[in-house]
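Quick notes on the structure that follows.
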Amino acid sequence: MMNDANEISHHTQLYGFIGEFAGQNSISATLNKLFKARNKNAMMIPMNIREDDFFFTLSNMKNSHVNGALISNEYMKNVLETLSQKSEAVEFSGLCDIVIRDENRLVGDVLLYKTLVKFLKDKGVKKVALLGVDERARAFLFFAKEFNISFYFDEIEQLMLFCEEIGEKSADINRLADNMEVDLSLYDAVIDFSDFNSLSMVSKLSPINLDMKQKKEFSALKVRALEVGAPYLGFDDMLDVISQATFEFLEDKKHLEHDKSDMKF
């Protein structure tokens, strides 16, 4: 198990959290507490990586002592070209938020949005208002088959094309624009994957309003939730849930059972 000083030994299984401002996020510390509580000799290290250095960092992971990494929002699309193998969720969505090293191969998967869907199911969510049409929305929808989802965006044609591409032939499509007043309180949850600068057109929000934005990222949903007195959840509010899911993912992949006694530093 990890010692009290959290020191890294030759046997410690190392993982990274890769982002431009990874050191300012608490996911590594939260997961390390879980490793220690479960008597696992493993550690996640925040890795502040600039965009120019991202490809080099991931490529070198194939031959390093780092066994995998969580990928921050800003790099979830950049990682695809470095992968040796992609899960079905990665292929469908066009993003990857967790990478594990299998000898000298990098295997990519989607964890964050699968975790989000499970979290909502555990909360009894049935009806969801989904804002946005990007890869994050696609990743969420890959796992969200059991929800009754209504789609919201400012460009109807783009939204229709998005729904067609993902196979939603009879989707509930709705426009969300500045000159409108939209009540989202009838939904169990509002999930925002848009890049709107403002959600002032939303007059009421739901009991669960979530966008998985980190503290350093601007959140129009957070701003609007504060304005209308509604609850809000971002990435930092989900740290325990994400850490537990990451632990279970690594354990399921038999990663926490590997013998690292031959590691050299």
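The values are calculated or read from the model by the stated rules, or taken from the named source; none is laboratory data. The model shown is predicted, which means the values in this text are computed figures rather than measured ones. Quick reminder, even Gly has a Cβ in these numbers, built from the backbone with ideal geometry, and neighbours come from all protein chains shown. Ligands, DNA and RNA are stripped out before the accessible areas are found, and what is left, the full protein with its side chains, is counted by its heavy atoms. Shrake-Rupley method; radii C 1.70, N 1.55, O 1.52, S 1.80 Å.
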- prompt: Of the numbered conditions (1) under 30 Å from Lys33 (Cβ atoms); (2) free of Cβ contacts under 8 Å to residues at least 24 places away in the same chain; (3) surrounded by 13 or more Cβ atoms within 10 Å (Cβ to Cβ), Asp236 satisfies every one except a single condition; which is it?
  reply: (2)
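Only one residue in Asn63, Asn148 is modelled with pLDDT under 95 and either open to solvent by less than 10 Å² (accessible area, probe 1.4 Å) or over 15 Å from the mean Cα position of the chain (by Cα) (or both), so which one is that? Spell out how you get there, then give the answer.
On the way: Asn148 fails: modelled with pLDDT under 95.
The unique qualifying residue is Asn63.
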- request: Output the residues belonging to the stretch 127-161 that are under 19 Å from Glu88 (Cβ atoms) and in a helix (DSSP H, G or I).
  value: Glu135, Arg136, Ala137, Arg138, Ala139, Phe140, Leu141, Phe142, Phe143
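Would you point out which residue out of Phe17, Phe21, Phe92 is aromatic (Phe, Trp, Tyr), under 18 Å from the mean Cα position of the chain (by Cα) and modelled with pLDDT under 95?
Phe21
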statement: Of the listed residues (Lys215, Lys204), the one being open to solvent by 40 Å² or more (accessible area, probe 1.4 Å) and free of Cβ contacts under 8 Å to residues at least 60 places away in the same chain is Lys204
task: Please give the number of the condition Phe162 fails out of (1) under 30 Å from Gln24 (Cβ atoms); (2) open to solvent by less than 20 Å² (accessible area, probe 1.4 Å); (3) of a type outside the set (Gly, Ala, Ser); (4) in contact with a strand residue (DSSP E or B) (Cβ under 8 Å, 6 or more places away or on another chain).
output: (1)
query: Which numbered condition trips up Asn39, out of (1) within 25 Å of Met238 (Cα to Cα); (2) surrounded by 14 or more Cβ atoms within 10 Å (Cβ to Cβ)?
result: (2)
- request: Having 1 or more residues that are closer than 29 Å to Ala29 by Cβ is the bar; report the strands (runs of 3 or more DSSP E) wholly within the stretch 168-265 that clear it.
  value: 189-192, 208-210
message: Quick check on Leu58: is it free of Cβ contacts under 8 Å to residues at least 60 places away in the same chain, in the same structural domain as Ala245 (by the TED database), surrounded by 23 or more Cβ atoms within 10 Å (Cβ to Cβ) and more than 17 Å from Ser243 (Cα to Cα)?
response: yes
query: If you check Glu168 against the conditions, is it over 28 Å from Glu74 (Cβ atoms) and either surrounded by fewer than 19 Cβ atoms within 10 Å (Cβ to Cβ) or modelled with pLDDT of 95 or more (or both)?
result: no
- request: Kindly indicate which of Leu14, Leu83, Leu70 is open to solvent by less than 40 Å² (accessible area, probe 1.4 Å), over 30 Å from Ile166 (Cα atoms), in contact with a strand residue (DSSP E or B) (Cβ under 7 Å, 6 or more places away or on another chain) and not polar (S, T, N, Q).
  value: Leu14
task: For the stretch 71-99, enumerate the residues that are closer than 20 Å to His255 by Cα and among the basic types (Lys, Arg).
output: Lys86
